[in-house]
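Asks: First the structure, which I've put down as structure tokens, then a few questions once you've had a look.
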Amino acid sequence: MGLFKRRTTSRPAVADLASASIEVGGQTLALSKALVAARVEGPGLSVIVHHPAFPELPEGPRAEAAVEILVAALGEEGLRRVVVQVDPATYPPIDPFDLTALRSFVRSLGVAVDPPEA
């Protein structure tokens, strides 16, 4: 018997990206301040994630925060289906867009990333 239980349901995308936040490394990061850049890489997307708090976070928590930001935007299933690489950045990427635009972009690729109905 393993020490860790495998999650049977994946976390859905957050409904209100404008007011939601995540907690990582003892800091609260507002999702509305996150910026991303994405490009198609083979079978999926390579995504650069930036948040103004990233320069203050050590590398491990910064990487965790980048993934958690994408989970909030796309849900765990959407993240697994479309993102092949995540790179946290301490500086804003060139031609960035917000998480709502990322969600629309991923949706245009045929991947369902909408949050559940309330």
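The values are calculated or read from the model by the stated rules, or taken from the named source; none is laboratory data. Small disclaimer: the values here were computed from a predicted structure and weren't measured. No Cβ is skipped: glycine too gets one built from the backbone with ideal geometry, and neighbour counts run over all protein chains shown.
Asks: With (1) assigned to a helix (DSSP H, G or I); (2) touching a strand residue (DSSP E or B) at 6+ places or on another chain (Cβ under 6 Å) as the list, and GLU77 as the residue in question, which single condition is left unmet?
Replies: The failed condition is (2).
Asks: A follow-up question, please. I'd like the full set of residues that are among the hydrophobic types (A, V, I, L, M, F, W, C), out of contact with any Pro (no Cβ under 7 Å at 6 or more places or on another chain) and surrounded by fewer than 21 Cβ atoms within 10 Å (Cβ to Cβ), limited to the stretch 21-37. Can you show your working first?
Replies: Within the stretch 21-37, the first condition is being among the hydrophobic types (A, V, I, L, M, F, W, C), and the residues that meet it are 22, 24, 29-31, 34-37.
Retained after the next criterion (residues that are out of contact with any Pro (no Cβ under 7 Å at 6 or more places or on another chain)): 22, 29-31, 34.
Once the filter is applied, which keeps residues that are among the hydrophobic types (A, V, I, L, M, F, W, C), out of contact with any Pro (no Cβ under 7 Å at 6 or more places or on another chain) and surrounded by fewer than 21 Cβ atoms within 10 Å (Cβ to Cβ), the stretch 21-37 yields ILE22, ALA30.
Asks: Further question: For the stretch 69-118, what are the residues that are surrounded by fewer than 18 Cβ atoms within 10 Å (Cβ to Cβ), over 18 Å from GLY42 (Cβ atoms) and touching a Leu at 6+ places or on another chain (Cβ under 8 Å)?
Replies: Matches in the stretch 69-118: PRO92, PRO93, PRO96, PHE97, ASP98, THR100.
Asks: Within the stretch 41-62, track down each residue that is surrounded by fewer than 19 Cβ atoms within 10 Å (Cβ to Cβ), of a type in the set (D, E, K, R) and over 13 Å from VAL84 (Cβ atoms).
Replies: Once the filter is applied, which keeps residues that are surrounded by fewer than 19 Cβ atoms within 10 Å (Cβ to Cβ), of a type in the set (D, E, K, R) and over 13 Å from VAL84 (Cβ atoms), the stretch 41-62 yields GLU56, GLU59.
Asks: Say we look at the stretch 57-100 and pick out the residues that are β-branched (Val, Ile, Thr) and more than 13 Å from the chain's Cα centre (by Cα); which of these is modelled with the lowest pLDDT? Before you say what the answer is, go through the steps one by one.
Replies: Of all residues in the stretch 57-100, those β-branched (Val, Ile, Thr) come to 67, 69, 71, 82-84, 86, 90, 94, 100.
So of that shortlist, the ones also more than 13 Å from the chain's Cα centre (by Cα) come out as 90, 94.
On the way: THR90: 97, ILE94: 93.
So, considering only residues that are β-branched (Val, Ile, Thr) and more than 13 Å from the chain's Cα centre (by Cα), the one modelled with the lowest pLDDT is ILE94.
Asks: I need the full set of residues from the stretch 1-54 which are modelled with pLDDT of 95 or more and of a type in the set (Lys, Arg), in order please.
Replies: Matches in the stretch 1-54: LYS33 only.
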